[in-house]
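Novice: Following this message is one structure expressed as structure tokens.
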Amino acid sequence: MDGFSSCGKSTIAKGLAKELGYTYIDSGAMYRAVALYAIRKGWLTDSLMDETAITEHLSQIKISFKPNLSGVQETFLNNENVEREIRTLEVANGASRVSTLPAVRTEMVHQQQEMGLKKGVVMDGRDIGTVVFPDAEMKLFLTSSPEIRAKRRYDEMVSKGESPKYEDVLANVKERDLRDTTREISPLKQADDAIVLDNSETGIDEQLQWALKMFNKITGNNEQN
Ligand code: DC
């Protein structure tokens with residue numbers, strides 16, 4: 001599943017995984033963990049990105065996922081639970097920047113492909129249908145307007161006790177869209193064989209039911225072939 005930031009990919013992906021008994025993997029969390037590592041080391045600031053340091057230390061960045069007591073996957077960076085820390089705007093922005101680095105992408109794609117070797121995985125991100133799993137059984141591409149995505153992200157942050165400005169969140173969404181779609185390596189792009197869902201007007205339940213129906217149709221078709 002690919003799509004723009006904050007367009008509800010993870011909600012649909014998690015819902016699908018639950019219904020199908022599959023494992024949900026948040027590939028964006030992996031880029032966020034790399035960004036967090038680099039921010040803590042001082043290699044990634046507003047005005048600097050030390051590509052050499054980040055690239056040379058990639059082997060020291062171990063990212064894993066473990067389900068919490070409610071069964072929700074949480075992100076671990078070198079065995080430290082960083083699930084909350086990677087969700088800030090600063091880290092989101094940093095993730096969008098480190099994800100432009102060739103060595104970072106190569107390493108993340110490699111790890112993601114390993115996680116999918118046994119199948120039974122719903123993974124969301126930007127290049128999953130185009131680069132990570134070009135042969136996936138089903139490819140979904142989710143989209144909605146920047147304003148609607150910024151409003152969702154804003155509401156989510158407020159519900160977590162943060163007090164962002166809507167204008168900042170919208171600017172961040174647009175900035176990331178631009179970087180994600182124009183970067184040289186694996187830019188966010190709809191795979192030729194992806195099914196598109198514009199969820200600007202659709203509720204979560206409706207989207208999930210639709211995605212499940214598509215999955216059953218596609219895998220049913222595969223069985224007939
Ligand atoms: O989905 P997200 O907002 O958590 O992703 C954070 C950043 O990571 C996003 O700006 C783009 C990048 N990313 C990527 O380049 N490729 C992926 N498969 C997933 C995320």
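Novice: Consider THR202 carefully, then state whether it is in contact with a Gly (Cβ under 6 Å, 6 or more places away or on another chain) and of a type outside the set (A, V, I, L, M, F, W, C).
Specialist: It is false that THR202 is in contact with a Gly (Cβ under 6 Å, 6 or more places away or on another chain) and of a type outside the set (A, V, I, L, M, F, W, C).
Novice: Scan GLY125, GLY161 and give me the residue that is within 12 Å of the ligand (Cβ to nearest atom) and of a type in the set (Gly, Ala, Ser).
Specialist: Being within 12 Å of the ligand (Cβ to nearest atom) and of a type in the set (Gly, Ala, Ser) holds for just one of GLY125, GLY161, which is GLY125.
Novice: Continuing with this model, one more query. Taking the residues in segment 87-122 that are polar (S, T, N, Q), out of contact with any Phe, Trp or Tyr (no Cβ under 9 Å at 6 or more places or on another chain) and assigned to a loop (DSSP other than H, G, I, E, B) as candidates, determine which candidate is surrounded by the most Cβ atoms within 10 Å (Cβ to Cβ).
Specialist: THR100
Novice: Please list, ordered by first then second residue, the pairs with beta carbon atoms under 6 Å, 6 or more apart or interchain, first in segment 90-109 and over 11 Å from LEU58 (Cα atoms) and near the ligand (Cβ under 8 Å from one of its atoms), second modelled with pLDDT under 95 and assigned to a helix (DSSP H, G or I).
Specialist: SER96/ARG176; SER96/ARG179
Novice: Taking the condition of being in a loop (DSSP other than H, G, I, E, B) and within 14 Å of the ligand (Cβ to nearest atom), how many residues in segment 73-86 meet it?
Specialist: Here the count works out to 3.
Novice: Of all residues in segment 49-65, which are under 23 Å from SER5 (Cα atoms) and without any contact (Cβ under 8 Å) to a residue 40 or more places away in the chain?
Specialist: Result: SER64, single match.
Novice: In this structure, is VAL173 of a type in the set (A, V, I, L, M) and within 16 Å of the chain's Cα centre (by Cα)?
Specialist: The answer is yes for VAL173.
The values are calculated or read from the model by the stated rules, or taken from the named source; none is laboratory data. Small disclaimer: the values here were computed from a predicted structure and weren't measured. Please note: Cβ atoms are built from the backbone with ideal geometry, for glycine as well, and neighbour counts cover all protein chains shown.
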